[in-house]
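What follows draws every value from the coordinates through simple rules; no lab data is involved. Keep in mind the model is a prediction, meaning the values are calculated, not measured. Note that we place each Cβ from the backbone using ideal geometry, even for glycine, and neighbour counts take in every protein chain shown.
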Amino acid sequence: MGTGGEVLLYIGGYGRSGSTLLECLLARLDGVVVLGELEHLWERGVRQNQRCACGEPFADCPFWAEVGRTAFGGWDQVDVERVLALKAAVVRQRHLPRMLRRSLPPELANQAAEFTGYHHRICDAAQQLTGARVVVDSSKFPPLAVALAHDPAIDLRMIHLVRDSRGVAYSWSKTVARPETEDGEAMPRYSSVHSSAHWLSHNLAMQLAGRLGRPVLRIRYEDLVADPEATVSQAWRRLGLPGPGTLPMEDAHTIELLPTHSVAGNPMRFTRGRTVLRSDEAWRQGMPRGRRLLVTLLSAPLLLAYGYRLRSAQEGS
Ligand SMILES: [Zn+2]
């Protein structure tokens with residue numbers, strides 16, 4: 001397999017933590033191409049033909065058609081059933097304890113290598129077509145980061161994006177439409193307990209992923225929105241990524257977002273044009289007291305570890 005020498009930058013963490021926002025920002029850096037949540041490419045893109053962020057259905061998007069041709073001689077040349085079976089064997093939260101070992105049992109190692117090989121070819125193709133030196137996968141899902149970390153052919157670096165668990169839980173409790181599907185079906189909604197449990201397990205798993213010897217840097221959503229330019233350029237330096245990592249901000253919080261070919265992810269990936277970044281703190285006013293207390297209690301140890309306050313000024317009033 002030929003390698004383009006690109007860095008695969010993986011954004012990991014739990015949903016509703018701002019990964020799509022981060023991806024939209026990174027898309028503005030020179031030498032960077034963002035691909036969206038590659039975890040969902042096979043099911044939502046290749047199989048269901050959902051909409052790319054450019055607005056075209058997957059099969060009609062010229063970028064993804066070219067990636068498929070370059071990587072595999074066309075998407076129709078790939079045995080998608082096989083890829084999904086490999087994914088099910090390798091990329092699962094419940095397989096994490098086995099996958100987190102430095103050396104995998106032989107059968108699992110073979111399956112993991114075959115699966116990440118597909119990933120690698122997609123990233124190589126994107127690199128070849130765009131000349132980018134950094135390819136961004138915003139899949140978030142920690143087990144995929146762990147699988148990729150086992151592939152020595154992939155130059156993997158990770159951003160572990162965290163957000164206050166109460167903001168995350170509040171976001172999951174609201175209805176969000178998904179414009180990329182035919183029937184505009186809404187994104188799922190989760191209870192506070194579900195959201196807190198997954199917030200804990202995803203964030204812990206991203207911390208553990210760092211033990212496999214690949215660079216991982218934790219960023220807080222709130223810091224990213226407060227100072228996007230400094231947060232991104234600092235991350236670029238700390239992860240040793242090529243290029244200066246300087247966002248073309250218009251002012252401290254305003255940036256022009258451009259169309260991307262993000263294949264799947266939060267509807268925010270369809271946002272373009274002049275955008276003012278604001279931290280979404282609606283939970284501080286909108287979240288019922290009981291639910292806020294429950295989420296705080298469930299997630300307290302990691303909230304503290306990430307530097308969040310358990311009680312905010314507004315809560316006292
Ligand atoms: Zn597209």
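Quick notes
- Rounded to whole Å, sorted largest first: equivalent-ellipsoid semi-axes of segment 7-311, Cα gyration tensor: 28, 23, 20
- Among A305, A71, A209, residue whose mean-square fluctuation peaks in a GNM of the chain (springs only between Cα atoms under 10 Å): A305
- Global form of segment 90-206, assessed from the alpha-carbon gyration tensor, a/c cut-off 1.5: oblate
- Pairs of Cα atoms farther than 13 Å apart, segment 265-316, %: 71 percent
- DSSP-defined antiparallel bridges as percent of all bridges, the chain, nearest 5: 25 percent
- Most mobile listed residue (P248, P97, P106) in the chain, GNM with C-alpha springs under 10 Å: P106
- Tail weight of P(r) past 17 Å, computed on alpha-carbon pairs of segment 146-260, percent: 69 percent
- Among T254, T231, the ranking by other beta carbons within 10 Å of each residue's beta carbon, starting with the fewest, stands as T254, T231.
- Long-range amide H partners of V162 with built H, under 5 Å: I219, R220, Y221
- Ellipticity at 222 nm from helices only: DSSP H runs of n ≥ 4 in the chain, each -39500 (n - 2.57), divided by the residue count, give -12500 deg cm²/dmol.
- For segment 1-83, the Rg and Dmax computed from alpha carbons only, in angstrom: 13.8, 36
- Within segment 96-137, the trypsin sites (Lys or Arg not before Pro) that combine a DSSP coil assignment with at most 14 other C-beta atoms in a 10 angstrom radius are R101, R102.
- For segment 98-233: relative contact order, % (alpha-carbon pairs under 8 angstrom, 6 or more apart): 28 percent
- Taken over segment 195-317, the convex hull of the Cα atoms encloses 158 Å³ per residue.
- Neighbour-count order for V134, V216, V193, fewest beta carbons within 10 angstrom listed first: V193, V216, V134
- Rg over Rh for segment 116-180 works out to 1.08, both radii taken from alpha-carbon positions and Rh defined as the Kirkwood radius.
- Extension gain (nm, one decimal) between A226 and K174, 0.36 nm per residue minus Cα-Cα: 16.4 nm
- Calculated FRET efficiency for the pair Q77/S279, C-beta based, R₀ 35 Å, to 0.05: 0.20
- Figure legend: label point modelled 7 angstrom from the Cα of L297 along Cα→Cβ; residues of segment 172-206 with amide N under 18 Å from it are 191-200.
- Per DSSP, loop trypsin sites (Lys or Arg not before Pro) in segment 156-263 with at most 16 further Cβ within 10 Å: K174, R189
- Inter-part distance where segment 78-113 and segment 24-52 are each reduced to a Cα centre, Å: 22 Å
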